[in-house]
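Any read-out appearing in this document is the output of simple, stated calculations on the displayed coordinates, not a laboratory observation. Keep in mind the model is a prediction, meaning the values are calculated, not measured. When we count neighbours, we look across all protein chains shown, and the Cβ atoms used for this are built from the backbone with ideal geometry, even at glycine.
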Amino acid sequence: MKCRKCGDRAVLELRRHNAAFCAADFVDFFRNQVREAIRRYRMFERDEHVLVAVSGGKDSLALWDVLLEDGYRTSGLYLDLGIFDYSVESHAKCEAFAAAHGAELIVVRVTEEIGAPIPVIKDVTRRPPCSGCGLSKRYLMNRVALERGFSVVATGHNLDDEAATLFGSVMHWQTEALSRQSPALASTHPKLVRRVKPLYRLSERETAAYAFLRAIDYIVDECPFAKGATSIAHKETLNRMEDASPGAKHNFLLGFLDRARPAFERVDAVPLNECARCGQVTTGTVCAFCKLAERVKRAG
Ligand code: SF4
Ligand SMILES: [Zn+2]
Ligand SMILES: [Zn+2]
């Protein structure tokens, strides 16, 4: 197998692109895909300060690496979810990465913000851990960005994540979710920060290869609560389709974004208010995060 660019021995074959690359040209290909994502969705400008949400996993650290290498001004945000050893280890990976690159890492602890770590929140709410966790992450990312003057938050969601989310939304025809599925969510309120996903064109396998070739030290173990999440079942289904027909995930997601998404865009945007307690954006009177914190407090 030869590199498509230089003819040297290839280290990675990308069946969906019908191409293979040597290490140097794969790294180049990867960065170009990120640049294309940023350009196509006008995710951020050169002079913007980007808050990169990092979990210690391969995707978010690969994203931070690309942005740093491309000379963007970035800070990392690590949300400590208090999930046993997983959080201790993933925090350490983020600290080490930031220190090695001379980059700022902001650390926010969910326990301090809401009164309990994710495993306790799961017990209090008797709901799947990912529901309280996802809500807390979205809320804290936005609040931290606002408080510290960032206009944009970048997350490491990759092609597999986005295709699996889309698949789940289509399976249940969640039209509200379909209207929000995008690599770039604009700010629709002065208190909502823009959210972007510059890795949406790159698969999990590709981010793993990039992290490996760049010698990024990331946490390999997944969150212990990830098992059994429906998104994993959707990923497995899509992987089977991808095996049978390379490019299936790519076509599914990018086809939706280019051709189907406009049909779900809402003209009657839901009016947004400011939460009576914390001032963050909500569709009701008190936001879901404040309600959750209240429940945790009462249970404690
Ligand atoms: S798998 Fe669920 S609980 Fe674990 S970090 Fe992700 S959203 Fe949170
Ligand atoms: Zn090459
Ligand atoms: Zn609130």
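Remarks
- Helix 288-299 vs. the chain, principal-axis angle (Cα, 0 to 90°, nearest 10): 60 degrees
- Panel order for Met241, Met43, Met171, by other beta carbons found within 10 Å of each beta carbon, from fewest to most: Met171, Met241, Met43.
- Sparse-neighbour loop sites [trypsin sites (Lys or Arg not before Pro); the range 251-300; at most 15 other C-beta within 10 Å; DSSP]: Arg266, Arg277
- Taking the longest Cα principal axis of the chain as reference, the axis of helix 58-69 is set at about 70 degrees.
- Think of the chain as a dipole: +1 on every Lys or Arg Cβ, -1 on every Asp or Glu Cβ, centred on the Cα centre; then among Leu67, Phe44, Phe212, Phe44 lies furthest on the positive end.
- Computed from label points 7 Å out along Cα-Cβ, the spacing between Ala263 and Gln174 is 2.0 nm.
- Pairwise FRET efficiency - Arg73 versus Glu236, Cβ, R0 = 45 Å, nearest 0.05: 0.70
- Separation of the Phe212 and Glu48 label points, Cα + 7 Å toward Cβ, nm: 3.3 nm
- Using distinct alpha-carbon pairs, which all enter the 1/r mean, Kirkwood radius of the chain in Å: 20.3 Å
- Backbone HN-Hα couplings from phi across the range 229-236 [Karplus 6.51/-1.76/1.60, Hz, Gly and Pro as x]: 5, 5, 4, 5, 4, 5, 4, 5
- His49 long-range amide H proximity, modeled H, under 5 Å: Ser151
- Dividing the Cα radius of gyration of the range 1-84 by 2.2 N^0.38 Å, with N the residue count, gives 1.33.
- With R₀ fixed at 35 Å, the C-beta to C-beta distance from Ser245 to Arg148 puts the FRET efficiency at about 0.20.
- Residue pairs, from the table Lys197/Lys235; Lys122/Lys191; Lys5/Lys197; Lys58/Lys137; Lys122/Lys227; Lys58/Lys227, whose Cα atoms sit over 20 Å apart: Lys122/Lys191; Lys5/Lys197
- Subtracting the Cα-Cα distance of Arg126 and Leu192 from 0.36 nm times their residue separation leaves 20.9 nm of extension gain.
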